[in-house]
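The values are calculated or read from the model by the stated rules, or taken from the named source; none is laboratory data. On a predicted model such as this, the values are computed, not experimentally measured, just so you know. All Cβ positions, glycine included, derive from the backbone under ideal geometry; neighbour counts span all protein chains shown.
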Amino acid sequence: MAAIRCYLQRVIFECEVSWRGVTRGITNYLSLLREIECTRKNDEPVALATFNYDTLLDQAVESFGQKIERMADYVERPTLFRLFKLHGSVNWARVVENGIPANINREHPPSVLHFLIGQAANLSISDRFVLCTPSSMGMANKLPVFPAIAVPIEAKRTFECPKEMVNQIDQVIPDVSKLLIIGWRATEEHFLEKLRQGLRPDVHVYIVAGGPNASGEHPGEIIRTHLIRSLRYQPVDAQIDPSGFTDFLSSGRAKEFLES
C-alpha cells in the first residue's frame, strides 16, 4: 500500500507534466475560473473542492495572483478562490518522524523514499503537511517525507489534508448557494456526510458528468440519484448538463448557470 501511494504520486505527476506541455496552461479549469470571476456578485467568495491529486487546478488559481508557496497559503489568505484538496496532492507530503540510517543517502530523495517504503509498517508519519517538489519526493527541507495521497478505494473514511482545511470547509458549506459538480461520482461518504450536515436545502445544484453511455443511461442521473439518497432532502433544483466539461463551457451554459 505504501508503494501504491508512491506510484500514484509519480505517475500522475509525470502525466501532468506531459499534459502541461500540450495545453501550455490553457485548461477547462482556467476557463471556468475566468467565467466565475466575471459573473460573481458582490465579491462573493468561491470554494473549490477537489478529490484529484494533480495540480492543474492549483495552477489555474495561481493565474489570478493567488500564489501557493506553502501549505498555509491554502487556508490563511482571504482570496477569491479557496481551494480544498481533500484527498491530497502530488506535491504534498507528510513529515516522517523516524530517523534515516547513516547508510541511506539523504541527498538522494529516491533512495530515502525507497527506504521508507521498505519500512512502511514501522513508520511514524506525522500530521505535519509540507509542500514538496514532486520529482524530489522523499526529502523536503532536509526532512524525510512521504506522499500525502489517499489510496483510491471505494469506501474512504478519512481526508488526506490538514485539519485546518477540513475545519474551514465545514464553515464554508452552510454558505453555499450554488453547487457545481464536475466529474464527481458522489461516492465519497465522508464528504457526503459533510454536505448532509451543512448544505442548505435551497442550494442550486448543477451536474456536469458527460453524455449518455452505451446503454443510453446518463451519468448525471446516477449522480443525482445518489445525492438524493445521501442528503437529508431532495435537491429542489438539480440540473444535469447534456454533455461534458468542454461543451459546458463553450456552449455558454456555464455562464448561464453562474449568472442565474
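What the table below lists for this structure:
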| quantity | calculated |
| --- | --- |
| Enumerated helices (runs of 4 or more DSSP H) restricted to region 1-106, each holding at least 3 residues that are closer than 30 Å to Lys255 by Cα and among the aliphatic types (A, V, I, L, M) | 28-39, 56-62 |
| Verdict on Leu199 being over 18 Å from the mean Cα position of the chain (by Cα) and either buried (at least 19 other Cβ atoms within 10 Å of the Cβ) or charged (D, E, K, R) (or both) | yes |
| Candidates Leu227, Leu249, filtered to the one that is out of contact with any Cys (no Cβ under 7 Å at 6 or more places or on another chain), touching a residue at least 40 places away in the same chain (Cβ under 8 Å) and under 24 Å from Glu35 (Cα atoms) | Leu249 |
| Wholly within region 137-236, helices (runs of 4 or more DSSP H) carrying at least 2 residues that are modelled with pLDDT under 85 | 219-230 |
| Cβ-Cβ under 7 Å pairs, at least 6 apart or on other chains, region 1-20 side without any contact (Cβ under 8 Å) to a residue 60 or more places away in the chain, far side surrounded by 13 or more Cβ atoms within 10 Å (Cβ to Cβ) | none |
| Residue within region 47-57 that is farther than 30 Å from Ala120 by Cα and surrounded by 19 or more Cβ atoms within 10 Å (Cβ to Cβ) present | yes |
| Scan of region 239-258 for residues that are surrounded by fewer than 17 Cβ atoms within 10 Å (Cβ to Cβ) and within 19 Å of Leu30 (Cβ to Cβ), ordered by number | Gly244, Thr246, Asp247, Ser250, Ser251, Gly252, Lys255 |
| Any chance Thr158 is free of Cβ contacts under 8 Å to residues at least 60 places away in the same chain, surrounded by fewer than 17 Cβ atoms within 10 Å (Cβ to Cβ), out of contact with any Gly (no Cβ under 6 Å at 6 or more places or on another chain) and under 30 Å from Thr133 (Cα atoms) | yes |
| Condition check for Asp127: closer than 20 Å to Val11 by Cβ and either of a type in the set (Asp, Glu) or free of Cβ contacts under 8 Å to residues at least 24 places away in the same chain (or both) | no |
| Filter pass, Ala47 being out of contact with any Gly (no Cβ under 9 Å at 6 or more places or on another chain) and hydrophobic (A, V, I, L, M, F, W, C) | yes |
| Selection count where residues are closer than 21 Å to Lys85 by Cα and either surrounded by fewer than 18 Cβ atoms within 10 Å (Cβ to Cβ) or basic (Lys, Arg) (or both), scope region 106-130 | 4 |
